[in-house]
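The values are calculated or read from the model by the stated rules, or taken from the named source; none is laboratory data. Keep in mind that this is a model prediction, so the values were computed, not measured. All Cβ positions, even for glycine, are placed from backbone atoms using ideal geometry, and neighbour counts span all protein chains on display. Heads up: the accessible areas ignore ligands, DNA and RNA and are worked out on the full protein's heavy atoms, side chains in. Shrake-Rupley method; radii C 1.70, N 1.55, O 1.52, S 1.80 Å.
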Amino acid sequence: MRKWIVAGNWKMHNTISESVALARAIKDGLSNSASGEVVVAPPFTALTAVAETLRGGAVQLAAQNMYSEDKGAFTGEISPVMLKDAGCAYVIIGHSERRKYFSETDDGVNRKVKKALASGLKPIVCVGETDEERIQGVTESVVGRQVQGALAGVETLADVVIAYEPVWAIGTGKVATSAQAEEVHAFVRSLIRKLYGAAADELRILYGGSVTKDNVAELAARADIDGALVGGASLKPDGFLGIIAQMP
Ligand code: PEP
């Protein structure tokens, strides 16, 4: 039985005090975490303060990105050692905004995934097709390439989470239907089964893209959807807690 995950990606939102207030409201309002995991990903500047706020509770901390080296002359980057030190358990890798605005490639994502795992961080690896790619009918080849690229050389999947996030659904209010999402999730799981055998049945695959408390139940009811990566709706306690409350 796979444990669901609901992860909130706060993106470039919230000062330290705003982040602490949001984290506190989520920690205090949480009532449904026994059968799953709840994760928040504040901006880097707020990680340590949010870690302190979450201490002793059930909510886990994630970073939104990392670099693939432990330390060195990489101005502006943050290493996995620093994220562990700040209290992170998870790290989001290869979000479509990083691929689009910061030119992240499948190779770069792969380096980060391997480094995260070697450092004891659990990567939440984001994949997903653009609107044009869906229209052209190449969703599976795009997502398949991204998944295989991200996992090249990764021997064990125990700590890996994949987030299927169709780019056209992110921040647009245009959520994928549960049938559209399930189709891609099932495809990803079948690909993983070919590569890793039975470990595919343990892999958590999250859906992301305009998830709200009004649409999450239908998505989460699907066989291969193991939770949600949530952007906009994770920025308000009610929105995020409302999603968590509906997980099975
Ligand atoms: C995201 O950025 O990962 C995301 C899913 O955003 P939103 O929920 O706002 O579409």
Those helices (runs of 4 or more DSSP H) completely within region 74-120 that have 3 or more residues that are within 16 Å of the ligand (Cβ to nearest atom) are 96-101
Scan region 39-73 residue by residue and report those that are under 23 Å from Gly231 (Cα atoms), open to solvent by less than 30 Å² (accessible area, probe 1.4 Å) and outside any helix (DSSP H, G or I).
Val39, Val40, Ala41, Pro42, Pro43, Val59, Leu61, Ala62, Ala63, Asn65, Met66
Any chance Ser234 is within 11 Å of the ligand (Cβ to nearest atom), open to solvent by less than 10 Å² (accessible area, probe 1.4 Å), within 21 Å of Leu22 (Cβ to Cβ) and hydroxyl-bearing (Ser, Thr, Tyr):
yes
Among the residues of region 84-106, is there at least one that is free of Cβ contacts under 8 Å to residues at least 60 places away in the same chain, crowded, with 22+ Cβ neighbours inside 10 Å and farther than 26 Å from Ser210 by Cβ?
no
Taking Ala179 and the conditions (1) open to solvent by 20 Å² or more (accessible area, probe 1.4 Å); (2) outside any loop (DSSP other than H, G, I, E, B); (3) within 16 Å of the ligand (Cβ to nearest atom), which numbered condition does it fall short on, given that it satisfies the others?
(3)
Is there any pair with a first residue in region 123-145 that is part of a loop (DSSP other than H, G, I, E, B) and a second that is open to solvent by 40 Å² or more (accessible area, probe 1.4 Å) whose Cβ atoms are under 6 Å apart and which are 6 or more apart or on different chains, and what are they?
Gly128/Val167; Thr130/Val167
Return a yes/no flag: does region 163-175 have any residue that is part of a loop (DSSP other than H, G, I, E, B) and among the acidic types (Asp, Glu).
yes
Looking only at residues that are of a type in the set (A, V, I, L, M, F, W, C) and within 15 Å of the chain's Cα centre (by Cα) in region 193-209, which one is farthest from the ligand (Cβ to nearest atom)?
Leu203
Tally of residues being touching an Asp or Glu at 6+ places or on another chain (Cβ under 9 Å) and more than 8 Å from the ligand (Cβ to nearest atom) across region 210-231
8
Just checking, does region 183-195 include any residue being among the β-branched types (Val, Ile, Thr), loosely packed, with under 15 Cβ neighbours inside 10 Å and over 23 Å from Ala23 (Cα atoms)?
no
Quickly run through region 159-176 and pick out the residues that are more than 15 Å from the ligand (Cβ to nearest atom) and either basic (Lys, Arg) or open to solvent by 50 Å² or more (accessible area, probe 1.4 Å) (or both).
Asp159
Tally up the residues in region 11-38 that are buried (at least 24 other Cβ atoms within 10 Å of the Cβ) and under 20 Å from Ile205 (Cα atoms), please.
1
Do you know which residues across region 1-38 are away from the ligand (no atom under 16 Å from the Cβ), within 15 Å of Ala89 (Cβ to Cβ) and not in a helix (DSSP H, G or I)?
Lys3, Ser33, Gly36, Glu37
